[in-house]
1. Write down the percent of antiparallel bridges among all DSSP beta bridges whose residues are both part of the chain, to the nearest 5.
2. Residue 181 versus residue 243, label points 7 Å from Cα toward the beta carbon: distance in nm?
3. Using alpha carbon centroids, what distance separates segment 86-134 and segment 156-182, in Å?
4. Here are labelled values, (i) 24; (ii) 29; (iii) 15, and one is the computed percent of Cα pairs over 32 Å apart for what I pasted. Which one?
5. For segment 20-273, what does the relative contact order come out to in percent, with C-alpha contacts under 8 Å and a separation of six or more?
6. Just rank 115, 161, 75, fewest to most, by other beta-carbon atoms within 10 angstrom.
7. Tell me, 73, 164 in order of fewest to most beta-carbon neighbours within 10 Å?
8. For a test of the definition: using alpha carbon positions, the gyration tensor, and the 1.5 limit on a/c, classify segment 1-145 as rounded, prolate or oblate.
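Every number here is computed from the coordinates shown, using simple stated rules; none is lab data. It should be emphasised that the depicted structure is a prediction, and the values quoted were computed from it without experimental measurement. Note that each Cβ is placed from the backbone with ideal geometry, even for glycine, and that neighbours are counted across all protein chains shown.
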Amino acid sequence: RVSDAYKLVSKKWRVEDTSIRLNDDTEIGTGHFTIMAGPCSIESEEQIEKVIGHLARNGVRIMRGGVYKPRSSPYSFRGLGIDGLRLWHEKASAAGIKIITEVMMVEQIEAMADYVDIFQVGARNSQNFNLLDALGEVDKPVLLKRGISGAIDELLQAAEYIFSNGNERIMLCERGIRTYESAYRNTMDINAIALLKEKTHLPVIADPSHGIGLRRFVSPVALAAVMAGADGVIVEVHEQPEKAYSDGQQTLSFPEAERLYKQLRQAFELRESF
């Protein structure tokens, strides 16, 4: 009997870790390490092509990016919408690259479903229970981010909403939480990764870009997350971060990202050798 408020996502209910297979080449969890990378915002056809080329050269098979952007300011760039997603899907599919992007409302799911491989639930929607219920009825994997001030049990209960509606292909994402510290954007809770791996059978992904919010610290924080047990990382990458439409201060350049990919794979191999 599972006495926790979250039951189906608990390791007490399912001892074996969940594995999420996207295709024959891409599996998330259970001994596989996954890198997801791309810009904060999808900006143009040229940008899409350059990022896809960068990912393909480095063996990264999942591209992140935003077409609907929940911005702190209503005057900031808020994404290219469904037209941008269609263009992105066309280019990514031709290159064998999978797409992960954020869905913000129940009404967007149907229009996006044909063009998305993984739905992302952002921190601001981590307790949007109507959205979580709806994603539980979708035959697509979901990456669920921890809320900005969300407790670990709240993240697990949010995942339970999706799971209990029938969709078991869920990844949890630690992306930093808000604390009293103001020296960086968020506080990356490395502890949460280790604890989640103990509490749940679901894969755990780390987002060091939002977790620290400062480009120079993204790589060391990402490596720390690997050693804490993360099944993968999702990082922001742009050819020219200083010209990015959003989150340039936490986005890696292509050369920086290439170094990180190698380091992440080495760190994972080291962890698995223990």
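1. Counting only bridges with both partners in the chain, antiparallel ones make up about 20 percent.
2. Here the answer is 3.4 nm between the modelled labels.
3. 16
4. Only one option fits the structure, namely (iii).
5. 18
6. 75, 115, 161
7. Taking fewest neighbouring Cβ atoms as first place, the list is 73, 164.
8. Oblate.
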